[in-house]
Amino acid sequence: MAPVSSALFILLCSLPVGVLVGAISGLLGIGGGLVLVPVFYLLLPLAGVQPDNLMTMSLASSLAAVIITSLSSCLAHARLGNVPWQNIPLLLSGLASGALMAGYLAALIPAWFLELAFALFAGAMSIRMWLDQRQAKSEQSKPYRKFHVLVATTVIGGVSALLGIAGGTLLVPYLSSHGMIMKRAIGASACCGIIVAAAGTLGYISSGLQVSHLPEFSIGYVYLPAVLGIAITALFSAPLGAKLASRWPTRRLKKIVAIMLLLVAVKLLLF
């Protein structure tokens, strides 16, 4: 398939995926990387991405798309008053540092290891979402120790960037364990996801600039047509997801996503 034709086909295939990812981002406070990575893993070979670079480009393109989904979700949650702005600077300092470092490290990690890590992570998140362990809805005054938060968020940012996600699936339960109510944890995650995804994307772009045999329309490891397709529709569906968060049964949606993640994990492990 010619580069222009494959780019257009991938962009069109990404449009409906962006609707789903945007809605999930707004509803659950996650950037959508757990959906995007396996989708890009299937689509990018059509653009001529070689197996050695396939998982890395899937992760990088996912993070680039998550910038848009997280931005739209953050703005929607901010309008609803769900963002604890006083906690954001401390959280971001660790998350961004970890994500930026991971972007450089990813090029040094074998593709098979990234695939295995993502499969195991998706399986673990599937179990967590199915069990749907939530904290109480009342906010508790549990102190945040700056050093502990910096260490935890640096690890979360690094792991998230290596897996092509914005960190919401890790950050939300961490904040909840410190007494933050779910809707504020989701709002904080959505806003922090912008910086985490941007820092990780920068690392992937920088580390991929000197790599040969990457397809046209790529910047480093980021394949732009796939990112554009997601962004076009997710930009509009993320605010809808945030609004529906107070109306739809989130528990049921989490179980649907859990089944999907389990199928993705099994596919990566077996195939």
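Pick out the one residue from Gly48, Gly18, Gly22 that is on the phi > 0 side of the Ramachandran plot and in contact with a Ser or Thr (Cβ under 8 Å, 6 or more places away or on another chain).
Gly48
Being surrounded by fewer than 24 Cβ atoms within 10 Å (Cβ to Cβ), in a helix (DSSP H, G or I) and free of Cβ contacts under 8 Å to residues at least 40 places away in the same chain is true for just one of Leu75, Leu42, Leu105. Which residue is that?
It is Leu42.
Working only within region 1-28, note down all residues that are touching a residue at least 24 places away in the same chain (Cβ under 8 Å) and not in a helix (DSSP H, G or I).
If the condition is that a residue be touching a residue at least 24 places away in the same chain (Cβ under 8 Å) and not in a helix (DSSP H, G or I), then Met1 is the only one that fits.
When you scan region 13-33, do you find a residue that is farther than 19 Å from Ala197 by Cα, surrounded by fewer than 24 Cβ atoms within 10 Å (Cβ to Cβ) and either of a type in the set (Phe, Trp, Tyr) or touching a strand residue (DSSP E or B) at 6+ places or on another chain (Cβ under 9 Å) (or both), even just one?
Looking through region 13-33, none of the residues is farther than 19 Å from Ala197 by Cα, surrounded by fewer than 24 Cβ atoms within 10 Å (Cβ to Cβ) and either of a type in the set (Phe, Trp, Tyr) or touching a strand residue (DSSP E or B) at 6+ places or on another chain (Cβ under 9 Å) (or both).
So which residues in region 203-216 are assigned to a helix (DSSP H, G or I) and surrounded by fewer than 21 Cβ atoms within 10 Å (Cβ to Cβ), if there are any at all?
Residues satisfying the conditions are Ile205, Ser206, Ser207.
Open to solvent by less than 10 Å² (accessible area, probe 1.4 Å), touching a residue at least 24 places away in the same chain (Cβ under 8 Å), of a type outside the set (S, T, N, Q) and in a helix (DSSP H, G or I): does that describe Leu59?
yes
Could you tell me whether Gln86 is among the polar types (S, T, N, Q) and free of Cβ contacts under 8 Å to residues at least 40 places away in the same chain?
yes
Quick one: which of Ile181, Ile219, Ile195 is open to solvent by 20 Å² or more (accessible area, probe 1.4 Å), within 29 Å of Leu105 (Cβ to Cβ) and modelled with pLDDT under 85?
Residue meeting the stated conditions: Ile195.
Can you confirm whether region 131-144 contains a residue that is modelled with pLDDT of 80 or more, open to solvent by 60 Å² or more (accessible area, probe 1.4 Å) and touching a Leu at 6+ places or on another chain (Cβ under 8 Å)?
no
The values are calculated or read from the model by the stated rules, or taken from the named source; none is laboratory data. The model shown is predicted, which means the values in this text are computed figures rather than measured ones. Virtual Cβ from ideal backbone geometry, glycine too; neighbours counted across all protein chains shown. Just so you know, the surface numbers come from the protein's heavy atoms only, side chains and all, with ligands and any DNA or RNA stripped out. Shrake-Rupley method; radii C 1.70, N 1.55, O 1.52, S 1.80 Å.
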